[in-house]
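Below: one structure, written as structure tokens.
The values are calculated or read from the model by the stated rules, or taken from the named source; none is laboratory data. Computed from a prediction, not measured in an experiment: that's the story for all the values here. Positions of Cβ are generated from backbone atoms using ideal geometry, with glycine treated the same way; all protein chains shown enter the neighbour counts. Keep in mind that these areas ignore ligands, DNA and RNA; they rest on the heavy atoms of the full protein, side chains included. Shrake-Rupley method; radii C 1.70, N 1.55, O 1.52, S 1.80 Å.
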Amino acid sequence: MEAARRIGVDLTVASERPSTLEAANPAGLLTLDFQHPERAADEAHAFARQHPIDAVVGVDDDSAVVGAAVAERLRLKGNPLQAALAARDKHRQRELLAAARVPVPGFALHRLDEDAREMAKQVVYPCVLKPLRLSASRGVIRADDPASFVAAHARLSALLAGCDTAFLVEDFVPGYEVALEGLLVNRRLHVLALFDKPDPLDGPFFEETIYVTPSRAPAGLQKSIAQCAERAARALGLTEGPVHAELRYNERGPWLIELAARPIGGRCSAVLRFGDGVTLEELILRHALGMPIPSLEREVVAAGVMMIPIPGAGVLQEVRGIAEAKTVPLVEDVQITAHPGERLVPFPEGSRYPGFIFARGATPAAVETALREAHRRLAFTLLPPPPPASSAIHSPP
């Protein structure tokens with residue numbers, strides 16, 4: 001919304017739940033059926049008869065699919081619906097990437113109602129259990145032996161109860177992990193930023209913490225990583241708009257772990273600036289609208305963001321040390337997005353970080369050091385989580 005204001009365009013916010021203000025702002029708020037993209041496209045088409053639409057942009061995994069359907073229906077710039085669906089479904093994505101010989105972990109599709117002990121005898125260890133549609137590493141669990149596989153299966157089954165019946169079992173790929181932020185323009189991938197993830201992501205859970213750019217990987221390796229991401233986008237059939245890819249690299253080169261047809265999630269995009277202070281969202285809107293883009297080059301200085309680790313299970317009471325954390329040299333901002341009284345749930349069941357720390361400086365190493373020092377000054381006070389609700393059966397006398 002801020003990006004639209006800055007470039008002077010009107011914005012309609014489409015969501016899956018109606019807003020109480022929708023009647024008062026019929027041109028600015030719209031309710032769409034996110035569960036049925038084709039139906040959402042019909043609803044957007046009817047809306048466009050009264051309020052013309054020049055571009056559509058999805059901001060997360062579900063709305064990227066809906067946005068593709070709307071763009072197809074209105075003949076606007078965007079990804080084909082089938083490509084967006086393939087990017088959204090981890091199993092379909094794996095199939096297409098493997099067929100195109102993009103390096104991906106070995107994988108197999110399983111059902112939650114299969115016998116976990118029998119599955120545990122057949123898989124190769126270490127492996128990773130992964131939901132098909134959840135994001136932000138939620139539900140992703142590493143298993144190193146049959147006992148940990150059975151335990152991981154039980155946790156995943158509880159998490160997905162009533163939501164999904166299938167999951168992936170993938171080979172664990174050792175190595176260093178990076179995140180690539182890019183923009184597809186007529187099928188060509190423009191790399192906007194390559195983030196290092198300096199904290200090892202070896203499991204058993206995969207909570208992300210620090211992103212720092214520019215990457216400290218050698219230039220030749222960075223080129224290989226970008227080529228791997230572009231091949232993946234092409235294999236999925238993606239053509240236009242933002243992509244966010246997670247890759248690993250080791251002595252065998254880069255491996256594509258995930259690719260999403262959306263920008264980086266949460267508030268992390270605030271770490272990116274282009275040209276003369278242009279934000280990532282401005283670039284995305286300008287591209288969708290066919291407006292001139294001043295620059296796709298990220299600013300010269302290093303930048304980083306820490307997704308503040310979830311401090312434990314419980315109800316947040318207070319956060320101390322925020323002012324002290326903001327005084328750390330190179331730190332630009334500390335944002336606590338969790339509010340007092342909010343229940344914090346650690347990974348793999350949880351996915352909501354309690355806040356973010358942003359820093360900029362001359363080198364990636366200096367930025368990383370500043371982020372860690374700012375986090376060290378924060379102290380979270382949690383109350384025990386409430387006990388699960390109990391139920392009683394009352395029989396008539």
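For segment 300-383, the strands (runs of 3 or more DSSP E) that sit wholly inside it and include 3 or more residues that are over 21 Å from the mean Cα position of the chain (by Cα) and touching a residue at least 40 places away in the same chain (Cβ under 8 Å) are 314-320, 379-383.
Right, Phe206: part of a strand (DSSP E or B), aromatic (Phe, Trp, Tyr) and more than 27 Å from Leu81 (Cα to Cα) or not?
In short, no.
Can you find even one residue in segment 148-162 that is touching a Pro at 6+ places or on another chain (Cβ under 6 Å), under 21 Å from Phe347 (Cβ atoms), at pLDDT below 95 and not hydrophobic (A, V, I, L, M, F, W, C)? Checking segment 148-162: not a single residue is touching a Pro at 6+ places or on another chain (Cβ under 6 Å), under 21 Å from Phe347 (Cβ atoms), at pLDDT below 95 and not hydrophobic (A, V, I, L, M, F, W, C).
Could you say whether any residue in segment 90-97 is touching a strand residue (DSSP E or B) at 6+ places or on another chain (Cβ under 7 Å) and open to solvent by 70 Å² or more (accessible area, probe 1.4 Å)? The answer is no, given that none of the residues of segment 90-97 is touching a strand residue (DSSP E or B) at 6+ places or on another chain (Cβ under 7 Å) and open to solvent by 70 Å² or more (accessible area, probe 1.4 Å).
Filtering segment 68-83 down to residues that are in contact (Cβ under 8 Å) with a residue 60 or more places away in the chain and buried (at least 24 other Cβ atoms within 10 Å of the Cβ), which residue is nearest to Ala40 (Cα to Cα)? Filtering first and then ranking leaves Ala68. Could you identify the single residue in Glu230, Glu208 that is crowded, with 17+ Cβ neighbours inside 10 Å, among the charged types (D, E, K, R) and at pLDDT 95 or above? Answer to the selection: Glu230.
Exactly one residue out of Leu134, Leu192 is closer than 30 Å to Glu282 by Cβ and either of a type in the set (Val, Ile, Thr) or assigned to a strand (DSSP E or B) (or both), and it is Leu192.
The single condition among (1) buried (at least 19 other Cβ atoms within 10 Å of the Cβ); (2) assigned to a loop (DSSP other than H, G, I, E, B) that Asp54 does not satisfy is (1). The number of residues in segment 346-365 being farther than 11 Å from Ala303 by Cβ and either open to solvent by less than 60 Å² (accessible area, probe 1.4 Å) or among the acidic types (Asp, Glu) (or both) comes to 12.
Just name the residue that is surrounded by the fewest Cβ atoms within 10 Å (Cβ to Cβ) out of those in segment 233-259 that are assigned to a loop (DSSP other than H, G, I, E, B) and not β-branched (Val, Ile, Thr).
Within segment 233-259, the match that is surrounded by the fewest Cβ atoms within 10 Å (Cβ to Cβ) is Glu251.
Reported count of residues in segment 23-36, each being assigned to a loop (DSSP other than H, G, I, E, B) and either at pLDDT 90 or above or under 28 Å from the mean Cα position of the chain (by Cα) (or both), is 6.
For segment 139-168, the tally of residues that are surrounded by fewer than 19 Cβ atoms within 10 Å (Cβ to Cβ) and either in a strand (DSSP E or B) or among the charged types (D, E, K, R) (or both) stands at 5.
One residue alone among Gln335, Gln317 is within 21 Å of His244 (Cβ to Cβ) and polar (S, T, N, Q), and that residue is Gln335.
Would you confirm, using the coordinates I've provided, whether Arg17 is under 30 Å from Pro131 (Cα atoms), without any contact (Cβ under 8 Å) to a residue 60 or more places away in the chain and over 19 Å from the mean Cα position of the chain (by Cα)? Spelling it out, Arg17 is indeed under 30 Å from Pro131 (Cα atoms), without any contact (Cβ under 8 Å) to a residue 60 or more places away in the chain and over 19 Å from the mean Cα position of the chain (by Cα).
With respect to the conditions (1) open to solvent by 50 Å² or more (accessible area, probe 1.4 Å); (2) in contact with a Pro (Cβ under 6 Å, 6 or more places away or on another chain); (3) not hydroxyl-bearing (Ser, Thr, Tyr), Phe172 lacks only one, and its number is (1). For segment 236-265, a tally of residues being at positive phi and in contact with a Phe, Trp or Tyr (Cβ under 7 Å, 6 or more places away or on another chain) returns 0.
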